[in-house]
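Report on the following structure.
The values are calculated or read from the model by the stated rules, or taken from the named source; none is laboratory data. This one's a predicted model, so the numbers in the text were calculated from it and none came from an experiment. Using ideal geometry, Cβ is built from the backbone for each residue, glycine included, and neighbour counts are taken over all protein chains shown. We work out accessible area using only protein heavy atoms, side chains counted, and drop any ligands, DNA or RNA first. Shrake-Rupley method; radii C 1.70, N 1.55, O 1.52, S 1.80 Å.
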Amino acid sequence: MSWHPQYRSSKFRHVYGKAASKDKCYDCVPITHNINDNHFCAVNPSFIAVVTECVGGGAFLVIPIKQTGKLDPHYPKVSGHKGNVLDIKWNPFNDFVIASCSEDATVKIWDIPNQLLKRNITTPKKELLGHARRVGLIEWHPTADNILFSSGYDYKIMIWNLGVVDAVISNPVKILDAHKDVVLSMSFNTDGSLLATACRDRKIRVIDPRAGTVLQEGSYKSHRVNKVSFLGNMKMLFSTGTSRWNNRQIALWDQNDLSVPLLEEDLDGSSGLLFPVYDSDTHMLYVVGKGDGNIRYYEISPEKPYLNYLMEYHSHLPQKGIGMMPKRGLDVAACEIFRFYKLIPTKSLIEPISMIVPRRSESYQADIYPLTAAAQPALTAEEWLAGINKGPLLVSLRPGSEAVKSLPQFPDQEPLTEATDLSQQQEAQGRISLEEDKQKPREMEPGRKRPKVEESLPENQQTCLSNGFDIFQCPPPKTESELLQMYYRQQEEIRRLRELVAQRDIQIKQLSLELRNLCTDADD
């Protein structure tokens with residue numbers, strides 16, 4: 001079975017969960033008692049939002065992420081819904097905008113002030129009216145700005161464009177009417193071109209959201225699905241549910257064939273729901289149990305056995321919901337690769353849990369922090385609605401680095417050139433910025449000729465970059481640790497330049513061979 005695998009090499013084999021100390025937790029938080037199967041918590045690097053108990057309507061708290069300790073019982077709330085709040089989600093491109101949905105059949109968009117809240121927020125920035133029954137789920141599009149999906153108990157999924165000036169929006173840009181029962185879960189693939197849903201009718205569907213067509217639909221008699229998640233660009237789906245004997249169960253699917261799961265396993269006999277959380281940067285999958293204190297984590301591989309069990313975080317305190325910190329809010333100095341915020345209503349406590357890779361070095365560990373999704377949209381709402389797809393913009397987590405935009409895909413590009421440009425992008429660590437799709441082919445040429453441009457600069461203007469840092473602008477190392485970091489950066493730069501020279505040599509040999517063939521053909 002996957003949780004007792006044979007030995008395999010992995011840098012995440014020894015990842016462990018570390019609960020925060022009491023002074024780093026959020027205490028005296030009145031967490032909701034709602035029985036819906038949602039996270040009830042949303043986190044970004046600035047705030048933590050949690051659904052709370054409220055008399056006469058629905059409300060949630062927005063607490064600054066650094067304001068740990070006991071919460072004031074009179075702390076202001078975001079209270080504008082007439083029914084219980086069922087789901088909240090932060091805008092991935094704006095840390096001060098949050099969406100909420102409620103039993104009152106509305107979705108509301110809220111502006112959160114930069115300073116500490118002094119009074120209740122009751123007036124939303126926008127209100128979305130379209131569902132006939134309560135709204136249970138909301139999801140922001142992962143790459144397009146101002147696109148929000150909502151799912152209600154009227155069995156409809158609605159797509160909203162929030163870029164309009166109206167404060168009340170009654171007409172969604174698209175209604176997906178492909179479900180015959182309540183939608184339990186929604187998940188996007190990496191570029192947001194596909195939507196996977198789990199429905200109460202026990203079926204998993206893969207939908208093209210702009211066309212409104214169901215591309216794949218499947219159910220398996222021994223797997224009653226509750227939650228589903230795309231596994232990044234792996235072309236696979238992961239679902240959690242129950243077996244016919246009511247054991248908690250996980251299953252792995254090929255997104256292009258939902259007839260039979262690639263893998264199906266029973267976990268235990270507990271009754272609580274399982275939340276799947278996938279980290280596409282590290283290819284790690286976390287399975288969080290509702291009603292227990294455990295977090296199982298696996299590593300996903302494209303070949304069999306697909307699911308490789310790593311370890312399990314145990315706690316005697318059961319969690320009702322969970323929040324996930326985006327990668328840009330992690331502590332890279334502590335080799336933290338993921339952070340959960342665990343809702344413990346029995347203690348009125350929110351407990352951060354850090355997933356840490358044990359390393360002795362205090363320097364930045366680039367091998368466990370690949371480029372990750374940035375906080376800028378790759379597309380406007382109009383571009384996405386017009387049919388354009390684009391992966392998320394990428395950023396390095398290295399301290400001091402700037403945003404990097406993802407490389408476009410050119411189907412007609414030569415493989416060698418494409419590999420060279422990808423290597424340059426990864427090593428620049430935040431220095432390369434690409435333009436829009438129309439300018440992409442032009443951007444590749446300057447990227448290839450950059451070494452020649454640098455050589456042609458006057459001596460006093462030449463720069464020396466090492467992994468995205470200007471060596472001449474860096475202060476001289478003062479400690480042995482800083483000296484070692486500078487040494488390793490220079491070694492990495494030397495390695496990169498050697499690879500670049502080797503690639504140029506290969507190109508020269510290929511061109512020489514082509515020239516020789518042309519001369520031979522001309523002689524014939």
So, first residue open to solvent by 30 Å² or more (accessible area, probe 1.4 Å) in segment 27-40, second residue part of a loop (DSSP other than H, G, I, E, B) and modelled with pLDDT of 90 or more, Cβ within less than 6 Å, six or more apart or across chains; the pairs are Cys28/Leu71; Cys28/Ser348; Asp37/Leu273
Which one is farthest from Lys290 (Cα to Cα), of the residues in segment 337-371 that are assigned to a strand (DSSP E or B) and over 22 Å from the mean Cα position of the chain (by Cα)?
Leu349
Per the filter on segment 277-314, residues over 19 Å from Lys342 (Cα atoms) and among the small types (Gly, Ala, Ser) are Ser280, Ser301
What residue, of Ser229, Ser259, Ser270, Ser315, is open to solvent by 10 Å² or more (accessible area, probe 1.4 Å) and closer than 16 Å to Ser185 by Cα?
Ser229
Hits in segment 229-240 (condition: at positive phi and modelled with pLDDT of 90 or more):
Lys235
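Somewhere in segment 347-355, is a residue among the hydrophobic types (A, V, I, L, M, F, W, C), farther than 15 Å from Tyr16 by Cα and surrounded by fewer than 19 Cβ atoms within 10 Å (Cβ to Cβ)? Step through it out loud before you land on a result.
Start the filter on segment 347-355 by keeping residues that are among the hydrophobic types (A, V, I, L, M, F, W, C), which leaves 349-350, 353, 355.
Next cut, farther than 15 Å from Tyr16 by Cα only: 349-350.
Narrowing the set further to residues that are surrounded by fewer than 19 Cβ atoms within 10 Å (Cβ to Cβ) leaves 349.
Within segment 347-355 (the criterion being among the hydrophobic types (A, V, I, L, M, F, W, C), farther than 15 Å from Tyr16 by Cα and surrounded by fewer than 19 Cβ atoms within 10 Å (Cβ to Cβ)), the answer is yes, since at least one residue qualifies.
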If I filter segment 130-139 down to residues being under 23 Å from Ala381 (Cα atoms) and of a type in the set (A, V, I, L, M), which single residue comes out as most open to solvent (accessible area, probe 1.4 Å)?
Leu137
Which residues, taken from segment 41-72, are in contact with a Leu (Cβ under 6 Å, 6 or more places away or on another chain) and under 30 Å from Leu397 (Cβ atoms)?
Cys41, Val50
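Rundown of residues vs (1) more than 23 Å from the chain's Cα centre (by Cα); (2) more than 21 Å from Lys290 (Cα to Cα), yes/no style:
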{"residue": "Thr213", "(1), (2)": "yes, yes"}
{"residue": "Gln216", "(1), (2)": "yes, yes"}
{"residue": "Ser229", "(1), (2)": "no, no"}
{"residue": "Met234", "(1), (2)": "no, yes"}
{"residue": "Ser243", "(1), (2)": "yes, no"}
{"residue": "Asn246", "(1), (2)": "yes, no"}
{"residue": "Gln249", "(1), (2)": "yes, no"}
{"residue": "Leu252", "(1), (2)": "no, no"}
{"residue": "Asn256", "(1), (2)": "no, yes"}
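Return the only residue of Ser151, Ser100, Ser79 being farther than 15 Å from Ala42 by Cβ, hydroxyl-bearing (Ser, Thr, Tyr) and open to solvent by less than 20 Å² (accessible area, probe 1.4 Å).
Details: Ser100 fails: farther than 15 Å from Ala42 by Cβ; Ser79 fails: open to solvent by less than 20 Å² (accessible area, probe 1.4 Å).
So the residue among Ser151, Ser100, Ser79 that is farther than 15 Å from Ala42 by Cβ, hydroxyl-bearing (Ser, Thr, Tyr) and open to solvent by less than 20 Å² (accessible area, probe 1.4 Å) is Ser151.
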Within segment 87-111, tally of residues that are under 14 Å from Ile63 (Cα atoms) and in a loop (DSSP other than H, G, I, E, B)
2
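Suppose we filter segment 196-211 for residues that are open to solvent by 60 Å² or more (accessible area, probe 1.4 Å) and either closer than 14 Å to Lys156 by Cα or in a strand (DSSP E or B) (or both); how many remain?
Within segment 196-211, the first condition is being open to solvent by 60 Å² or more (accessible area, probe 1.4 Å), and the residues that meet it are 200, 202-203.
Imposing the further condition that a residue be either closer than 14 Å to Lys156 by Cα or in a strand (DSSP E or B) (or both) reduces the set to 200.
Total satisfying the criteria: 1.
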Limited to segment 105-129, what total is found for residues that are within 24 Å of Met186 (Cβ to Cβ) and open to solvent by less than 40 Å² (accessible area, probe 1.4 Å)?
10
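Before we move on, is Val214 of a type in the set (Val, Ile, Thr), open to solvent by less than 40 Å² (accessible area, probe 1.4 Å), part of a strand (DSSP E or B) and under 29 Å from Leu393 (Cα atoms)?
Values: of a type in the set (Val, Ile, Thr): yes; open to solvent by less than 40 Å² (accessible area, probe 1.4 Å): no; part of a strand (DSSP E or B): yes; under 29 Å from Leu393 (Cα atoms): yes.
Taking the combined requirement at face value, the residue does not satisfy it.
Go through Gly323, Gly289 for me and flag whichever is under 15 Å from the mean Cα position of the chain (by Cα), buried (at least 17 other Cβ atoms within 10 Å of the Cβ) and among the small types (Gly, Ala, Ser). Full working, then the answer.
Numbers: Gly289 fails: under 15 Å from the mean Cα position of the chain (by Cα).
Only one candidate passes the filter, namely Gly323.
Does Pro142 count as in a loop (DSSP other than H, G, I, E, B) and open to solvent by 40 Å² or more (accessible area, probe 1.4 Å)?
Working: in a loop (DSSP other than H, G, I, E, B): yes; open to solvent by 40 Å² or more (accessible area, probe 1.4 Å): yes.
Considered against the rule, which asks whether it is in a loop (DSSP other than H, G, I, E, B) and open to solvent by 40 Å² or more (accessible area, probe 1.4 Å), Pro142 comes out as yes.
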Need the failing condition index for Lys66 against (1) of a type outside the set (Asp, Glu); (2) without any contact (Cβ under 8 Å) to a residue 40 or more places away in the chain; (3) assigned to a loop (DSSP other than H, G, I, E, B); (4) buried (at least 18 other Cβ atoms within 10 Å of the Cβ), just the number.
(4)
From Asp166, Asp191, residue being assigned to a loop (DSSP other than H, G, I, E, B), buried (at least 16 other Cβ atoms within 10 Å of the Cβ) and of a type in the set (Asp, Glu):
Asp191
I need the full set of residues from segment 237-286 which are closer than 13 Å to Asn226 by Cα and of a type in the set (Phe, Trp, Tyr), in order please.
Phe238, Phe275
